[in-house]
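Below: the structure, in structure tokens.
Readers should treat all values here as calculations from the given coordinates under stated rules, not as data from a laboratory. Fair warning: this is a prediction, and the values are worked out from it, not measured in the lab. Cβ placement follows ideal geometry from the backbone for every residue including glycine, while neighbour counts extend to all protein chains displayed.
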Amino acid sequence: MSSKAGTLDPNPPPPRILVFATQGHGGNEEQRILGLLERLPGVTLVPYRRGDRLGMARALLRAVREHRPDLVVMEGSGLPGGAALLLSRLLHGIPYVVSSGDAVGPWIGQHFAGLGVPAALYERLLYRFSAGFIGWTPYLVG
């Protein structure tokens, strides 16, 4: 908004967008999400180190605090990244979008006995508090 009430700024600043891919820096998932966002100005990549999940959750929270983005986009649905998004939303009010081709709850439930219900709850919370979802498989988009 300009200084006059009710008028729009003809040249608003571009949105600040942080993006990361939970499958790791330099991978296909990172390239896919960067391709989807390539025409948007203000995109900053946070390189994700898959082997350092706890460290990455802290690094993502730090990046949100330092950059104060208008939006965070996560490719994938991994717990460390999702937990950082949920905390960023709760603590700083930063909206986020999740892009995924996989359903977390059912996959974890099939591979790790007893973790299917907590994984499904995590997935439900992650999507419930997101500003949007990019589903790139027929399974997830119906």
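Annotation: amide H-H contacts under 5 Å for Ile17 (H modelled 1.01 Å from N, sequence separation of 5 or more, or interchain): Val43, Thr44, Asp70. With springs only between Cα atoms under 10 Å apart, run a GNM on the chain and tell me which of Ala103, Ala113, Ala131 wobbles the most. With Cα springs under 10 Å in the chain, the top fluctuation among Ala103, Ala113, Ala131 is at Ala113. In a solvent-free Debye calculation with one equal scatterer on each Cα, what is log10 I(q)/I(0) for segment 61-111 at q = 0.14, 0.25, 0.32 Å⁻¹, listed in the order of the q values? Reported log10 I(q)/I(0), two decimals: -0.38, -0.92, -1.27. Taking a label point 7 Å from the Cα of Asp9 along the Cα→Cβ vector, which residues of segment 61-76 have an amide N closer than 16 Å to it? The answer is 68-71.
GNM remark for the chain: springs join alpha carbons under 10 Å apart, and the peak mean-square fluctuation among Val117, Val98, Val19 falls on Val117. Computed on the chain, the Cα convex hull volume stands at 139 Å³ per residue.
Please report the net charge: other residues with Cβ closer than 14 Å to the Cβ of Val19, K and R +1, D and E -1.
Values: positive: Arg16, Arg32, Arg39; negative: Glu29, Glu30, Glu38, Asp70, Glu75.
Net of charged neighbours comes to -2.
Each other residue within a Cβ distance under 13 Å of Val97 adds +1 if Lys or Arg and -1 if Asp or Glu, for a net charge of -1.
The mean sequence separation of alpha-carbon pairs under 8 Å and at least six residues apart, normalised by the residue count of the chain, gives a relative contact order of 20 percent.
Beta-bridge orientation, the chain: approximately 0 percent antiparallel, per DSSP, counting only bridges with both partners inside.
Of the chain, which part is the longest with no trypsin sites (Lys or Arg not before Pro) in a loop (DSSP not H, G, I, E, B) and with at most 10 other C-beta atoms within 10 angstrom? Don't jump to the answer; show the numbers that get you there.
Working: sites that count: Lys4, Arg39.
Here the longest run is 40-142.
Once the other residues with Cβ under 9 Å from the Cβ of Gly78 are scored (Lys, Arg +1; Asp, Glu -1), what is the net sum? Here the charged neighbours net out to +2. A helix-only calculation puts the chain at -13500 deg cm²/dmol for mean residue ellipticity at 222 nm, using -39500 (n - 2.57) for each DSSP H run of at least four residues, averaged over all residues.
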